[in-house]
């Protein structure tokens, strides 16, 4: 394993633990920690962005160029992840199984669309 991959793995795990803990704190009313949960989740997101920049620097890759394809890909990923999460909430929190499954499947399809958007079809 290359040093850059190991560093990216460690930083990624740390950032995802912060993000997941923050989401648990914000979403579970029994914990009564909404505001600290949002702060913890935002720290996790910032660490994830730092991880990307550190890994790209260690791999001697050029910075990410912001063009229409990059922005569109990010928007599709965000909408897909949100749709999947909303579908899970409908199913598990609000007890609306059919609507939750449909919304979740739409999110999964959008996330699967990322593969040809990023890699292309040959």
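The values are calculated or read from the model by the stated rules, or taken from the named source; none is laboratory data. Every value quoted in this text rests on a predicted model; they were computed, and no experiment measured them. Methodologically, a virtual Cβ is constructed for each residue, glycine included, from the backbone with ideal geometry; neighbour enumeration extends over all protein chains shown.
For this structure, a couple of remarks:
- Qualifying position, being out of contact with any helix residue (DSSP H, G or I) (no Cβ under 7 Å at 6 or more places or on another chain) and outside the structural domain of residue 11 (by TED's automatic domain parsing), among 46, 71: 71
- Answer residue from the stretch 6-45, given it is closer than 21 Å to residue 61 by Cβ and touching a residue at least 24 places away in the same chain (Cβ under 8 Å) and is surrounded by the most Cβ atoms within 10 Å (Cβ to Cβ) among those: 15
- Of all residues in the stretch 52-73 being farther than 22 Å from residue 10 by Cβ and assigned to a helix (DSSP H, G or I), the one that is farthest from the chain's Cα centre (by Cα): 68
Yes or no, residue by residue, for (1) exposed (fewer than 13 other Cβ atoms within 10 Å of the Cβ); (2) modelled with pLDDT of 90 or more:
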residue	(1), (2)
57	yes, yes
60	yes, yes
63	yes, no
68	yes, yes
75	yes, yes
79	no, yes
90	no, yes
